[in-house]
Every structure is written in structure tokens, then in C-alpha cells.
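Novice: Got a structure here, written out as C-alpha cells. Questions coming.
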Amino acid sequence: MSEKILQEISEQLQKGKAKAVKELVEKAVADGVNVKSILDDGLLSGMGIIGAKFKNNEVFVPEVLVAARAMNMGASVLKPLLAEAGVEASGKVCLGTVKGDLHDIGKNLVKMMMEGKGLEVIDLGTDVPPEKFIESAKENDCQIIAMSALLTTTMAAMQDVIEAAKTAGIRDDVKIMIGGAPVTQAYCEQINADCYTPDAASAAEAAAAFCKA
């Protein structure tokens with residue numbers, strides 16, 4: 001019985017049916033289905049399928065946005081119950097677009113994909129100065145700092161964040177991930193970041209793998 005409803009949650013989420021997802025999650029809770037199971041096998045499994053399809057160009061940004069909205073509606077029902085059950089996010093990421101850069105569409109997609117992997121994302125927004133990344137990572141005990149830059153002129157700010165992490169003594173404790181249109185693997189190696197990914201779905205996969213490790 002529970003498998004059927006979890007499958008249904010996943011399917012409705014992939015269609016972006018937020019109201020249906022919320023109702024199904026409430027029903028699953030009322031039926032006594034394990035909350036962690038509703039999260040993992042219902043919501044996150046559906047979002048994982050959307051992530052994979054997005055990576056393969058089978059769905060596009062609008063579909064991802066509506067699926068993420070459906071996921072968030074379902075997750076809002078579970079949040080207090082997960083806290084009661086002592087279930088924690090599988091990792092914490094502080095995410096932002098670097099100083100001088102106001103682009104946020106890519107960053108927002110990365111956030112949704114990461115949340116779709118069960119990670120907690122502290123979204124710092126755009127035009128984020130290096131010290132804000134560092135403060136947030138320390139305050140929230142983040143395993144990952146993830147930065148986005150969409151302009152060749154703002155890419156240099158990524159290196160400033162890495163230097164600031166060294167100065168603050170947290171460089172060995174956090175993984176630093178970078179991405180954005182002008183960013184490359186070569187640039188990642190040049191500034192000694194830990195990971196570059198070309199798209200949001202790959203970023204979420206890499207972040208989840210870092211947190212597991």
C-alpha cells in the first residue's frame with residue numbers, strides 16, 4: 001500500500017502538481033507511512049528523475065521549476081515531522097552568486113536540484129562578498145560553499161572566496177564548488193577549487209557525494 005502512494009507522490013511531483021503532491025503527502029502521513037520514506041522514496045525520488053531528465057535535455061527549466069515547487073509543498077508538510085523524528089538533512093551547502101554578479105537563474109536551479117538531493121541549502125543570493133560566504137559556512141556548519149559566476153569579469157571573485165576561506169582557517173573543512181557559463185575545469189584547477197560542474201543536476205550530484213563522504 002505504501003509503495004503505491006509513494007509512487008504516486010513521485011509521479012505527481014514530476015508533473016509539477018503541487019496541490020496533489022501536498023494532499024498525497026498528508027494522506028501518506030495519516031496512513032502511518034514512515035516520514036523519511038515519504039521524503040526519500042516519494043519526493044526526492046521524483047525530483048531525482050526530473051534532475052536526470054534535465055541533464056539529458058528531456059525536460060527544461062520550466063518543468064524543473066514546477067516540480068521543485070511541488071517538492072517544496074510536499075516537504076513543508078514533512079518538515080516538522082522529520083525534525084521530531086530526528087531526521088537531518090544529508091548535508092548543508094551555502095550557495096550564492098559572487099560579488100559584482102547579479103545573475104540568479106542558474107543559482108536558483110542549483111538550489112532546487114540540491115534540495116532535491118535532500119541537502120539543506122542556505123541561499124545567500126547574488127552579489128555575495130567573500131566574507132559573507134565564510135561567515136555563513138561557519139555559522140551554519142556547512143560542508144560545502146557553492147559559487148556561481150556568469151561573467152568573466154566576476155569570476156575572479158571566486159578566488160577571493162577561496163583565499164578568505166584559507167585566512168579564516170576553514171579551507172580544509174569545506175569543499176568549494178564553482179559553476180556558471182564562463183567557468184571551466186581549467187579555471188577550477190587554477191584557483192584550487194574542489195569541483196566544477198557544467199550544469200545544475202551535476203552540481204547536485206557532486207554535492208550529495210561530497211556530503212556522503
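The values are calculated or read from the model by the stated rules, or taken from the named source; none is laboratory data. Just so it is clear, the model here is predicted, and its values are computed rather than measured. Ideal geometry is used to build each Cβ from the backbone, glycine not excepted, and the neighbour counts take in all protein chains shown. The area values use the complete protein model at the heavy-atom level, side chains included, leaving out ligands, DNA and RNA. Shrake-Rupley method; radii C 1.70, N 1.55, O 1.52, S 1.80 Å.
Novice: Looking only at residues in the range 195-213 that are open to solvent by 60 Å² or more (accessible area, probe 1.4 Å) and among the charged types (D, E, K, R), which one is modelled with the highest pLDDT?
Specialist: That would be E205.
Novice: Exactly one of these conditions fails for A85: (1) open to solvent by 30 Å² or more (accessible area, probe 1.4 Å); (2) free of Cβ contacts under 8 Å to residues at least 12 places away in the same chain. Give me its number.
Specialist: In the conditions (1) open to solvent by 30 Å² or more (accessible area, probe 1.4 Å); (2) free of Cβ contacts under 8 Å to residues at least 12 places away in the same chain, A85 misses (2) alone.
Novice: Does A18 fit the bill of being hydrophobic (A, V, I, L, M, F, W, C) and open to solvent by less than 20 Å² (accessible area, probe 1.4 Å)?
Specialist: Against the criterion (hydrophobic (A, V, I, L, M, F, W, C) and open to solvent by less than 20 Å² (accessible area, probe 1.4 Å)), A18 qualifies.
Novice: I'd like the full set of residues that are within 29 Å of P198 (Cβ to Cβ) and not in a helix (DSSP H, G or I), limited to the range 1-60.
Specialist: K15, G16, N56, N57, E58, V59, F60
Novice: Is the range 53-60 home to any residue that is without any contact (Cβ under 8 Å) to a residue 40 or more places away in the chain, open to solvent by less than 30 Å² (accessible area, probe 1.4 Å) and touching a helix residue (DSSP H, G or I) at 6+ places or on another chain (Cβ under 8 Å)?
Specialist: Yes, the range 53-60 contains a residue that is without any contact (Cβ under 8 Å) to a residue 40 or more places away in the chain, open to solvent by less than 30 Å² (accessible area, probe 1.4 Å) and touching a helix residue (DSSP H, G or I) at 6+ places or on another chain (Cβ under 8 Å).
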